[in-house]
Amino acid sequence: MAKVEADSIWRYLCKKVINKLNDFGDKSCLHGVGYVFSTTYIPFVTRLFWLLMLLLCGYGASMVLVSVLTMFSAGAVSFSVETTYLDWDTPFPAVTVCESNKNVKNRIIKHLAEKNITAQLKQFYEDVGYWQSGFCAQCTKCTYNVTCVRDIQATVSDIRMTCDEIFEPQCWWGEEAFPCCDRFLPVETEYGTCFAFNSRLDVIKLNRHTGLKTLQFSATQAILMRAHSPSDVVTTYSEMYSVPLDANVTLVLKAESTVSDISVQAIPPELRGCFMSWEVPPAAEYWPFHRYKYDACIWYCRAMAQVQLCNCTHHFEPKMVDIGGVGGVFFGASVLSILEIVYLFCIRRQ
């Protein structure tokens, strides 16, 4: 009895749906729908033709919608021109100057002679004193104080030029003269110690009231130079301009300020395709920097690869806390470091 009632209910529902479709076909203004669902006599071939047309149109519309949703998901952030930029303060770019490794052999030979150091250390001084683009195919053993020394940092400090040796005494900011080394401050980079004007420690702002100013300086030797954002760091991945001695170089930059709407922060990083300065990439478990920058991320990844492959880092890499095993030399204190301290002072002492 229950089965008969269920069948009758099913037939009733099917009949209601068919009647609704027929009524929709008779009264619909959509072209082609009436040929498929109308109750009037329409040849079977005509019904089949329009049914195929509707199915193809539905498939095409679904593909368009999927592509639009994909574009929205992949490029959820759009850029537009803002007309209020005239009131903005535009930061002047930072200028980082590094000592070039060209023509350093004579200076190293002179330094070795003045310090009464064996000439066999000449190649070692060249290798550790400046960044080299090459790599060693195999490890080479050396003899301390004959072909190499233990204190690499002291060696680098001895042969690298100071700020006063690189720059002429006076630089110009607009119409104002100033001692170069008062505002070209030392910064650590993968090229060694360089000197940066307008670094993130002291950012100069330009606007309609201050006007456009120029920075002028002279170097006593060939240099490597890069103009970049005040918050960026210089790495070997960065494009450096090689300025030879006795060359007159004029660098003209076009600054474009980008302001992110507060609603952009609600969009996940994988959709907006960028990180905010306070965000950290998921892979950076031991991120050593306080703010995210693309160049800093490249620097971090290169140093992490050095630790994984060589169990050490280059002496020009940033110095980190040296506890937590070999990995802690770069990545700082970790859970392993805490366990080591507990083991050393508690368990092992007992």
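Bear in mind that the values in this text are calculations on the coordinates, not laboratory data. This structure is a prediction, so every number in the text was calculated from the model and none was measured. Using ideal geometry, Cβ is built from the backbone for each residue, glycine included, and neighbour counts are taken over all protein chains shown.
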For Leu54 and Leu21, extending 7 Å from Cα along the Cα-Cβ vector and measuring point to point gives, in nm, a value of 0.8 nm
Once a ≥ b ≥ c are taken as the square roots of the eigenvalues of the Cα gyration tensor of the range 87-243, is the result rounded (a/c under 1.5), prolate (a/b larger than b/c) or oblate (a/b not larger than b/c)? prolate
Listed with the fewest Cβ neighbours within 10 Å leading, Glu176, Glu99 appear as Glu176, Glu99
When Lys and Arg each count +1 and Asp and Glu each count -1, what net charge do the other residues less than 15 Å away from Ile223, Cβ to Cβ, add up to? -2
Hey, what do the phi angles of the range 120-128 turn into as Karplus ³J(HN,Hα) couplings, whole Hz, using 6.51/-1.76/1.60 and θ = phi - 60°, x for Gly and Pro? 5, 7, 4, 5, 5, 5, 5, 6, 8
Cut-off under 5 Å, modelled amide H: who pairs with Cys171 long-range: Phe178, Cys180
The answer for the net charge of residues other than Glu114 whose Cβ lies under 12 angstrom from its Cβ, with Lys and Arg +1 and Asp and Glu -1, is +2
Exposure proxy check: Arg47, Arg226 ranked by fewest other beta carbons within 10 Å? Arg47, Arg226
